[in-house]
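Readers should treat all values here as calculations from the given coordinates under stated rules, not as data from a laboratory. In this text the structure is predicted, and so the values were computed from the model without any measurement. Glycine also receives a Cβ, built like all others from the backbone with ideal geometry; neighbour counts cover every protein chain displayed.
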Amino acid sequence: MPRENAHELWAEGIELFNGSRFFACHEVWEEVWKRASGAEKLFYQGMIQAAVAILHAQRGNPRGARSTWEKARAKLDSLPAEHMGIALGELRDAVAAFVAAATVGHPHAPPKIRRL
């Protein structure tokens, strides 16, 4: 039985993401994803994939970063710029820029999630 509800896990994952703890973030969000259904499940899956794409980029795996980010974008691009209490449009742009820069050898600080 999980000790936290989905909202608490989502918030914990945001904190981990913003602390550049992308593997831990992905683990926490997987708990939320497992409980979700429909469009909500696809959103969480896209967010998990975004975190993993950043992790691949940081670990010097440009192919994995690009591939995983493409999968994430397929799930996140159709959603509004403000979604689930975050600035999703800004995040999409920031992750795309981060992955692009990292895959050509010009990494910079990883993106953060802005809460609304």
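Quick rundown of the values:
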item: Candidates 19, 64, 46, ranked by Gaussian network fluctuation over the chain, Cα under 10 Å, top entry; result: 19
item: Built amide H within the under 5 Å cut-off of residue 86, gap 5+; result: 116
item: Gap separating the Cα centres of segment 60-98 and segment 1-49, nearest whole Å; result: 15
item: The chain, helix-only ellipticity at 222 nm - DSSP H runs n ≥ 4, -39,500 (n - 2.57), divided by all residues, nearest 500; result: -22500 deg cm²/dmol
item: Cα centre as origin, Lys/Arg/Asp/Glu Cβ charges: the chain dipole, Debye; result: 340
item: Calculated FRET value between residue 36 and residue 93, using beta carbons and R₀ = 25 Å, to 0.05; result: 0.55
item: Relative packing of peptides 85-93, 32-40 - highest average C-beta neighbours within 10 Å first; result: 85-93, 32-40
item: Angle between the chain longest axis and helix 88-103 axis [Cα atoms, degrees, rounded to 10]; result: 40
item: Full-extension gain in nm, residue 7 to residue 61, via 0.36 nm per residue minus C-alpha separation; result: 16.3 nm
item: Mean separation of Cα contacts under 8 Å, 6 or more apart, over the residue count of segment 1-109: relative contact order %; result: 20
